[in-house]
Amino acid sequence: MKKISAVMTMGLFLFLTIYSANAQQPDGVHVKTIEPYKLDIGYSKTTNIIFPHSIISVDRGSKDVLAQKAKGVENILQVKAARDSFPETNLTVITADGRLNSFVVNYAEQPAMLNLSLVGAKANTIFLSPENVNQAEIQSYAQAAAVSKKKVRGIKDKDYGIRFQMSGLFIQDEVLYLRINIENQSNINYDIDQLRFFIRDQKKASRTATQEIEITPVYVQNDTDKVDGNSQQTMVFALPKFTIPDKKYLAIQLMEKNGGRHLELHVKNKTIVKATVLPTL
């Protein structure tokens, strides 16, 4: 009888052990380590970190690290040391795409890098801060821009049966409104992969480094991802107000999904500064 009890006890113990292990690691769940970035910061200099999406939260491992979002934008974090020679600590930043960005932070009298981009090698993206945006007003002004009779001429590209044009440019307060027309004169539907806005350097010698800054719309009127064959679509993109420095231009890039019908518009600063002021609502 004692042997039976011992066997039953051992069996129950094994069952609970296996059940507990399975409960702790459900099927399909894999534990993965997220390697932190190494970040050196100084006391007398500010380090800027550009993220690909808006910053949702920031957690500092200690008060020795000062961190704030850059004024007017949502995806640039400014970091510096509160005192010199602090012990190693960490910084955690969560962005709007749900990504956790982890940094191991150390003090450096002269940080080797002051501007870091996690966006990619070719573009730095700017997001207008929500406190500078009245979404209802922007929507109303975008509707007004869509139906306005004021036109911009000569900014267009056409190829592969696709006509791509900026037909209007407007401004109200801190926001520019670009009216974009896409006309599909072919029989094949045009699936939009991306329509993006960049400030780019004009062509330079091949050995000269170039830079481009992406400007992200805060609102899109009549947004679509497809223009059917023999049809057209008009959209209005609301962008943070900007002007273009000398030797740069605004590039509006239209790319086809799973296709090669790519087009691009170039807008100079002399056009931007002549934007039509929309009547106040």
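Where a number appears in this text, it was derived from the coordinates with a stated rule and is not lab data. For clarity, every value in this text was computed on a predicted model and none was experimentally measured. Methodologically, a virtual Cβ is constructed for each residue, glycine included, from the backbone with ideal geometry; neighbour enumeration extends over all protein chains shown.
I'd like the FRET efficiency for residue 34 and residue 225, computed as 1/(1 + (r/R0)^6) with the beta carbon distance as r and R0 of 45 Å, rounded to 0.05.
Computed FRET efficiency for residue 34 and residue 225: 0.90.
Can you bin region 130-277 into rounded, prolate or oblate? Criterion: square roots of the alpha carbon gyration tensor eigenvalues sorted a ≥ b ≥ c, rounded for a/c under 1.5, prolate for a/b above b/c, oblate for the rest.
Note, shape of region 130-277 comes out oblate.
Measure off 7 Å from each Cα along the Cα-to-Cβ vector at residue 84 and residue 44, then give the distance between these two points in nanometres to one decimal.
Each label point is offset 7 Å from its Cα along the Cβ direction, giving 0.8 nm.
Rank the residues 95, 46, 243 as a footprinting-exposure proxy: fewest other Cβ atoms within 10 Å of their Cβ go first. Don't skip to the answer; put the middle values down first.
Working: 95 19, 46 16, 243 11.
Fewest to most other Cβ atoms nearby, the residues stand as 243, 46, 95.
A 23 angstrom limit on the alpha carbon distance is what I want to check against. Which of 150/274; 158/241; 150/241 exceed it?
158/241
Whole angstrom only: what separates the Cα centroid of region 87-119 from the Cα centroid of region 133-208?
Cα centroid of region 87-119 versus Cα centroid of region 133-208: 35 Å apart.
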